[in-house]
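**Q** Quick one: structure below, then a few questions.
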Amino acid sequence: MRPAGTLRTLATRVLALAAATLALGALAAPLAANHRPLVTISSVGEWSWPAFTGTYWPASGVERQDMETAQEFLLYPPIRFSPELQVRSDRLESPSRAHLLGTDHLGRDLASRLLYGGRVSLGVGLLATLIALVLGITLGGLAGFGGGWADLLLSRVIEIFSAFPSLLLALTMIAFFPPGVLMLATIIGLSAWTSIARHVRAEALRQRERGFVESARASGLRGSRIFLRHLLPHILYVIVVPAAFLFSGAILAEAALSFIGLGVAEPSPSWGGVLALARSYLREAWWLALFPGLCLFVTLSASNQLGERLRTALGQARER
Amino acid sequence: MPRRSERALYLWRRFLLGMLTFAGVTGLVFTIGHLAPGDPVTLYLDVHAAELSLEAREALRSELTRELGLDRSLPEQYACWMADLCRLDLGRSLAPDRRKVSRKILERLPGTLLLGSASLFLVFAVSLPLGLLFARHQGQWPDRLGCAFLDLLYAAPYFWVAVLAQYALSVKLGWLPFGGSASFGLDQGSLASAGERLLHMILPASLLAYGSLAFVARFTRGVVLESAGQTCVALARAHGLPGRKLLTRTLRMSILALIPLGATALSGILAGSIVIETLFSWPGLGQLFVEAVRGRDYPLVQALSALSALIVLASHFAADLAMAWADPRISFGAKRS
C-alpha cells in the first residue's frame, strides 16, 4: 500500500530529524540554553562572550536589567535559562513564549533541563554501550576463538550474567557502589554485555575454521593478533545491529533508574529524573510528564529504526 | 524417536547446568557485595544509630559484624551465606525494624505474583492474536499499519506511558485509582474489597504487560511466518486443506518456538515490576527491592537479586521441560551451545 508506505517514510524522517536536533542540542547545550548572553558589546565597544567564558551574569531582577542596558548589543541563546537556574516567580509555569516547554516546581526552565538532560542520558547511553561492546567482544571472542576450557568457563559466566532480569543486576550494583554518572554508565554496561558476547562467540565459532584463519595461523601469527586483525573484521557485522539496540537499552535503563530515583541524582537533569518529578505535580503540570518522555521516545525510536535499517541493509549485502 | 532415558539424561543435564549457574549467580551477588567500598555496618550505624553514645555504637558495631559474619574470612563468609541460603535462612534485614528477610519477602510475594501473572496473561492474550493477525495479512495494510504501530509502542518507554495513563485515567477522568493496592476502610475478603483490588490492579498490570507487548507480538509474527513457510505447511496447502486446519497446523509448529518466549517475557516482567510497582506504590517485591537499594539494606538486596535470578533460571528450565515434552525431534545427544 503506497499511502501507508509514504506516511511511514515521512514519520521516519521526522523522527530522525527530531533525534538529530536533540543530539545536536544536547551536544551544544551550553550554547543553546544559557542565562548568559552569547555575545555582548558594551557601550565603549568592548566585546565579551559570557556564555563561552562562563563569567558572572545576573540571572534576574534589577541587576540583570542594569547589565542589559549597559550593553550596546546583546545576543542571547535561543533558551535564556540555565538548567539549574531557579526563577522563583515562574514556578510550574505552563509552556509559553518565555518558557517554551514550561517550568518545574522550582521555576527551572524545562527546555533547558531537557537539553542538558540529553547530555547525561545520551552520554551515559553511549559510554555504557562502549563498555558493553568492549567486554562483549573480548569475552565473547575469547570464548568462541579460544574454545576448550575458556569457552566452557566464559559461557557459564555469560549465562550467570544473563540470568538476572535486565534492571536487577544494575540495581544490585547500585546498592553497593557510590552513585555517579560514570559509575552509572559502568554499571549499565556491566549488566548489558552478554548479548554482544553471545553474538561474537557464535560468529567466532563459525568463522575460526575458515581458510584465512588457518593460513594466518600457519604463518605463525599469535592468537590475539589473528583474532584482532583477521577474525574481528568478519565478526563486526553481526554486532552492528545488536549494538544499536544495546544503545536503546542503555538509554532506557538509565532513564528507568533515574525515574525510580536511583540513577542520576538531582539537581543534575536527566530525562528519567525530570519524568520522576512529574509524578508529584501530575495534577498541575502535564508538561513535566509529556516532554521528557517525548525526548526518550524520539531517541529510542530513532536508534531502533537505525538498527532495523542496518539489519535490512546488512541482510541485503550478505545475500549479494 | 529418542529413548526415554536419553530425554531424562538431557533434562538432568539441563537441571544440573541450571544449578551450576545459580551457584555462579550467588557467587556474583556475593562478590558485588564484597567488592563494594565501605562496609555495611558503618553505613548502617551512620544512618540509623547516629544519636547513640560511642560505647553503644561500638557494641552495636561488633554485634552486627558478628551477625553478618564480617569478622570471618571471605571463603568462610561465602560458605556460610550459601549454607544459610540453602536452609532458606536469609538473616535479618538492615532496615531499622530488623525483621527477618524471609518474612519480608514472603509478605510481598503475593502482590508480585498476582500482578506478574495477570500481566503475563495479558501479554500473551493480546500479543498472540495480534501476531497471528499480522502474519496472516503479511504485507497487507493490517500488517504494515500494525507493525508500524508496534514500532511506536516499542520506542515509548513503559514508565512514560504509565505516567501519562495515570494523568489521563486517574487524575483527569478519575476512572481508576492513582496507586496502591486497595482503598482503606474496607473489609479484607469482602466482595467490595476484591473489586477494589481488581480496580487497583488494572493500570499497573496492563502497563507491566505493555512493556513486553510489542516484542512478543513481533516475535510471534516472525515465528508464525517462519512455520507457515515450511514445506509441510506448503504441502498441506497444496493438498487443499481448508484454512482453519492450515492454521492449527501452523500454530502447532509455532508453539515450540513460543515456549522459550514465555521465559523471556517473565524476565522482562520481573524487571518491569521494579519500576511499575514503585510508580503505583504496589506492595510487591519490586517495590521492596527499590526500598532495600535505597536503604542500603544489603542482606535484603542480596536475597532478592538471587531470588529473581532463581526465578528466571527456573522458568528457563521449565521451558526446557516443556520443549522436551512437546517436541519429539529435539536431539538430546547433540551438544547444545
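The values are calculated or read from the model by the stated rules, or taken from the named source; none is laboratory data. Not measured: the values here are computed from a predicted model. Note that we place each Cβ from the backbone using ideal geometry, even for glycine, and neighbour counts take in every protein chain shown. Note: areas computed on protein heavy atoms with side chains; ligands, DNA, RNA excluded. Shrake-Rupley method; radii C 1.70, N 1.55, O 1.52, S 1.80 Å.
**Q** Summing Lys, Arg as +1 and Asp, Glu as -1, what charge do residues with Cβ under 14 Å from the Cβ of A:ILE41 carry, A:ILE41 excluded? List each step's numbers first, then the result.
**A** Numbers: positive: none; negative: A:GLU46, A:GLU68, A:GLU72.
So the environment of A:ILE41 carries a net charge of -3.
**Q** How large is ³J(HN,Hα), in whole Hz, for each residue of the range B:23-36 in order, when computed from phi with the Karplus curve 6.51 cos²θ - 1.76 cosθ + 1.60 and θ = phi - 60°, using x for Gly and Pro?
**A** 4, x, 4, 5, x, 5, 4, 5, 5, 4, x, 9, 7, 4
**Q** Just read off the accessible area of B:TRP282 with the full protein assembly in place, 1.4 Å probe, to the nearest 10 Å².
**A** Approximately 0 Å² of B:TRP282 is accessible to the 1.4 Å probe.
**Q** Quick one: what are the phi-derived ³J(HN,Hα) couplings along the range A:213-230, Karplus 6.51/-1.76/1.60 with θ = phi - 60°, whole Hz, x for glycine and proline?
**A** After applying 6.51 cos²θ - 1.76 cosθ + 1.60, I find 5, 4, 5, 5, 5, 5, 7, x, 6, 6, x, 5, 5, 4, 5, 6, 8, 9 Hz.
**Q** Continuing with this model, one more query. So what's the net charge close to A:LEU300: Lys and Arg +1, Asp and Glu -1, counting the other residues with Cβ under 14 Å from its Cβ?
**A** On the way: positive: none; negative: A:GLU254, A:GLU308, B:ASP151.
Surrounding charge for A:LEU300 is -3.
**Q** Kindly tabulate the residues in the range B:253-299 with an accessible-area decrease of at least 20 Å² between the chain alone and the assembly of all protein chains, using a probe of 1.4 Å.
**A** B:SER267, B:ALA271, B:ILE274, B:VAL275, B:THR278, B:LEU279, B:PHE289, B:VAL290, B:VAL293, B:ARG294, B:ARG296, B:TYR298
**Q** Taking both sides together, what accessible area is buried at the B/A interface, probe 1.4 Å, expressed in Å² and rounded to the nearest 100? Don't skip to the answer; put the middle values down first.
**A** Working: alone 19880 and 17610 Å², together 33000 Å².
Its buried surface, counting both partners, is about 4500 Å².
**Q** Right, something else. Provide B:ILE276, A:ILE79 ordered by accessible surface of protein heavy atoms (probe 1.4 Å), highest first. Don't skip to the end; give the middle numbers.
**A** Details: B:ILE276 0, A:ILE79 25 Å².
Largest accessible area first, the list is A:ILE79, B:ILE276.
**Q** What accessible area, in Å² to the nearest ten, does a 1.4 Å probe give for B:TRP141?
**A** It works out to around 150 Å².
**Q** Could you tell me the ratio Rg/Rh of the range A:35-76? Both radii from Cα atoms, Rh via Kirkwood. Can you show the working numbers first?
**A** Values: Rg = 9.4 Å, Rh = 10.2 Å.
For the range A:35-76, the value is 0.92.
**Q** Would you kindly state the longest site-free stretch of chain B, with sites defined as trypsin sites (Lys or Arg not before Pro) in a DSSP loop (not H, G, I, E, B) surrounded by at most 13 other Cβ atoms within 10 Å? If you can, show how the numbers build up before the last one.
**A** Values: sites that count: B:ARG3, B:ARG87, B:ARG98, B:ARG99, B:ARG329, B:LYS335, B:ARG336.
In chain B, the maximal stretch lacking such sites is B:100-328.
**Q** At 1.4 Å probe size, put B:THR278, B:THR231 in order of accessible surface, largest to smallest.
**A** B:THR231, B:THR278
**Q** Just the accessible area for B:ASP84, please: 1.4 Å probe, Å², rounded to the nearest 10?
**A** The accessible area comes out at roughly 50 Å².
**Q** Report the net charge of residues surrounding A:GLU84, where surrounding means a beta-carbon distance below 15 angstrom and charges are Lys +1, Arg +1, Asp -1, Glu -1. Intermediate results must be reported in sequence, preceding the final value.
**A** Working: positive: A:ARG36, A:ARG80, A:ARG88, A:ARG91, A:ARG108, A:ARG113, A:ARG119; negative: A:ASP90, A:ASP104, A:ASP109, A:GLU266.
Residues close to A:GLU84 contribute a combined charge of +3.
**Q** Among B:PRO142, B:PRO177, B:PRO40, which one shows the biggest mean-square fluctuation in a GNM of chain B, springs joining Cα atoms closer than 10 Å?
**A** Ranking B:PRO142, B:PRO177, B:PRO40 by mean-square fluctuation puts B:PRO142 first.
**Q** Kirkwood Rh over Cα pairs of the range A:199-320 into Stokes-Einstein at 37 °C, 0.692 mPa s: D in µm²/s? Provide the component values of the computation, followed by the final result.
**A** Numbers: Rh = 17.7 Å.
Estimated diffusion coefficient is 186 µm²/s.
**Q** Something else about it: If the viscosity is 0.890 mPa s and the temperature 25 °C, what Stokes-Einstein diffusion coefficient in µm²/s follows for the range B:21-178 when Rh is the Kirkwood radius over Cα pairs?
**A** Details: Rh = 21.1 Å.
The calculation lands on 116 µm²/s.
**Q** Another question, then. If you take the Cα Rg of the protein assembly as shown and divide it by 2.2 N^0.38 Å, with N the number of residues, what do you get?
**A** Dividing the Cα Rg of the protein assembly as shown by 2.2 N^0.38 Å gives 1.07.
**Q** Return the equivalent ellipsoid semi-axes of the range B:81-127 as a descending list in whole Å, where each equals the square root of 5 times an eigenvalue of the C-alpha gyration tensor.
**A** 31, 14, 7
**Q** Which percent of Cα pairs goes in each bin when the distances of the range B:59-152 are cut into 5 angstrom slices starting at zero?
**A** 2, 10, 11, 12, 10, 8, 6, 6, 7, 8, 8, 6, 3, 1, 0
**Q** With a Cα-only, solvent-free Debye model of chain A, what are the log10 I(q)/I(0) values at q = 0.07, 0.08, 0.16 Å⁻¹?
**A** Reported log10 I(q)/I(0), two decimals: -0.40, -0.50, -1.26.
**Q** Given a cut-off of 20 Å, what percent of all Cα-Cα pairs of the range B:31-112 lie beyond it?
**A** Numbers: 1397 of 3321 pairs.
Roughly 42 percent, rounded to a whole number.
**Q** Scan around A:LEU106 for amide H atoms under 5 Å from its own, H built in the peptide plane at 1.01 Å from N, and keep only partners 5 or more places away or cross-chain.
**A** A:LEU92
**Q** Across 5 Å bins from the origin, how do the percents of Cα pairs in the range A:1-145 run, short distances first?
**A** Spelled out bin by bin, the range A:1-145 gives 2, 9, 12, 14, 14, 12, 10, 9, 6, 5, 4, 2, 1, 0, 0 percent.
**Q** Percent of accessible area on the range A:35-76 owned by carbon and sulfur, 1.4 Å probe? Intermediate values should be presented prior to the final figure.
**A** Details: 1560 of 2690 Å².
Carbon and sulfur together cover 58 percent of it.
**Q** Here's a follow-up. Cα convex hull of chain B: how many Å³ per residue? Intermediate results must be reported in sequence, preceding the final value.
**A** Values: hull volume 68.3 nm³, N = 337.
With only Cα atoms used, chain B gives 203 Å³ per residue.
**Q** Order A:CYS295, B:CYS232, B:CYS86 by their accessible area, 1.4 angstrom probe, all chains in place, largest first.
**A** B:CYS86, B:CYS232, A:CYS295
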